[in-house]
Amino acid sequence: MLGKRWRTVRDAVCDLPDPEGREARRFANHEFKGGARPYAGHSGSALDEPSKTIKAGAHGVPGGENMLVLDDGSLRYYTVRESARIQTFPDDYRFHGSWTESMRQFGNAVPVRLANIIGESVVRQLERAAMRDA
């Protein structure tokens, strides 16, 4: 993905069905969570922009950052699967516990692809250091 434009929310979740529809059952952790509403400083993530940071929150999960703005302007919370996609977890990775517990985990997680890139860089640097010392 190096050298390419950033990934949007739509890029990450476009092939997932509406979480309120029957097709959503085909995807683990893709259940609708109601109650999303805007409030000062918390407006959700636009579909055609990168996601706002998914936050764990000091006293529970802050809702505004964990919402998306649909094409019609309405808001809804990310599903656990959508959050997993944004954090680049594979679709076969299952999350257990409530929506709040799962969102807290995402808020404390390093995106999988980022961790992989950093890990590969560390390995390359260690290999170079070992070759210099040999």
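The values are calculated or read from the model by the stated rules, or taken from the named source; none is laboratory data. Note that the coordinates shown come from a computational prediction; the quantities given were computed from them, not determined experimentally. Methodologically, a virtual Cβ is constructed for each residue, glycine included, from the backbone with ideal geometry; neighbour enumeration extends over all protein chains shown.
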Out of all the residues in segment 98-116, which are exposed (fewer than 12 other Cβ atoms within 10 Å of the Cβ) and either of a type in the set (A, V, I, L, M) or touching a Gly at 6+ places or on another chain (Cβ under 6 Å) (or both)?
Val110
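Results for (1) more than 20 Å from Arg113 (Cβ to Cβ); (2) surrounded by fewer than 17 Cβ atoms within 10 Å (Cβ to Cβ); (3) in contact (Cβ under 8 Å) with a residue 24 or more places away in the chain; (4) over 15 Å from the mean Cα position of the chain (by Cα), shown as yes or no for each residue.
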site	(1), (2), (3), (4)
Gly41	yes, yes, no, yes
Leu75	yes, no, yes, yes
Val80	no, no, yes, no
Ala84	no, no, yes, no
His96	yes, yes, no, yes
Picked from segment 1-10 (must be part of a loop (DSSP other than H, G, I, E, B) and of a type outside the set (Val, Ile, Thr)), the residue farthest from Ile86 (Cα to Cα) is Gly3
Of the residues Ala129, Ala109, which single one is on the phi < 0 side of the Ramachandran plot and within 11 Å of the chain's Cα centre (by Cα)?
Ala109
Report yes if Val122 is surrounded by 11 or more Cβ atoms within 10 Å (Cβ to Cβ), of a type in the set (A, V, I, L, M, F, W, C), out of contact with any strand residue (DSSP E or B) (no Cβ under 9 Å at 6 or more places or on another chain) and under 28 Å from Trp6 (Cβ atoms), otherwise no.
no
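Does any residue of segment 91-106 turn out to be closer than 16 Å to Ala28 by Cβ and basic (Lys, Arg)?
yes
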Quick one: Ser45 ticks every box in (1) in contact with a Phe, Trp or Tyr (Cβ under 9 Å, 6 or more places away or on another chain); (2) modelled with pLDDT of 90 or more; (3) closer than 14 Å to Trp99 by Cα except a single one, so which number is it?
(3)
Can you pull out the helices (runs of 4 or more DSSP H) entirely within segment 48-134 that have at least 1 residues that are closer than 18 Å to Gly34 by Cα?
80-86, 99-107
Members of segment 11-47 found to be out of contact with any helix residue (DSSP H, G or I) (no Cβ under 9 Å at 6 or more places or on another chain), of a type outside the set (A, V, I, L, M, F, W, C) and assigned to a loop (DSSP other than H, G, I, E, B), listed by number
Asp15, Glu20, Gly21, Gly34, Gly35
Could you say whether any residue in segment 54-66 is surrounded by 20 or more Cβ atoms within 10 Å (Cβ to Cβ), of a type outside the set (A, V, I, L, M, F, W, C) and at pLDDT 90 or above?
no
